[in-house]
Amino acid sequence: MTPRDEEHLEQLTRAALRDLPWRRAPESLPARVLAAIAQQSSGPWWTQGYSRWPTTARVVFVALTLSLLAGGIWVLGGPRPINVIALGMLAGERVQGICAVVSALGNAAAIVIQNINPRWLLGVLGVIALANAVLLGLAAIAYRVLQPDRDSPL
């Protein structure tokens, strides 16, 4: 398609859309929208956003949160300096342990895979791929069936 053809197609599309009549909203739409908004905001205050909570509830919530934070600090022995070097050594030991376990599991998996017949391995991978495709298809079907109709009113 040449640029001239694209411009011509664009002009035809624009003219066809310009000639379409305007669609009016149903007369009941504003009332339905206002009813939906009222229903959402009519729930209890604790189910709404924090900014819609009463001031007293917000103050109590902040005070309770700060009290829990202070209590946690007190239980842990108060603020004290952190020994960064000891923390790094502890983390290093844990990371080395995790790396050793992952390496051992990887070596074991490599040995098992090397001893499996390639046809079996490809068969299992094919079954897994087929199961994923079937699951994806079922999910698409369920989405189409269970999706609410977009043309229906609120």
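The values are calculated or read from the model by the stated rules, or taken from the named source; none is laboratory data. All values derive from a computational prediction rather than experimental measurement. A quick note on method: Cβ atoms are made from the backbone with ideal geometry, for glycine too, and the neighbour counts reach across all protein chains shown.
Data overview
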{"item": "Check on VAL62, surrounded by 10 or more Cβ atoms within 10 Å (Cβ to Cβ) and either touching an Asp or Glu at 6+ places or on another chain (Cβ under 8 Å) or modelled with pLDDT of 85 or more (or both)", "result": "yes"}
{"item": "Filter result for the condition that a residue is surrounded by 10 or more Cβ atoms within 10 Å (Cβ to Cβ), touching a residue at least 12 places away in the same chain (Cβ under 8 Å) and either among the basic types (Lys, Arg) or touching a His at 6+ places or on another chain (Cβ under 6 Å) (or both), over ARG32, ARG52, ARG14", "result": "ARG32"}
{"item": "Residue within region 99-113 that is at pLDDT below 85, not in a helix (DSSP H, G or I) and not polar (S, T, N, Q) present", "result": "no"}
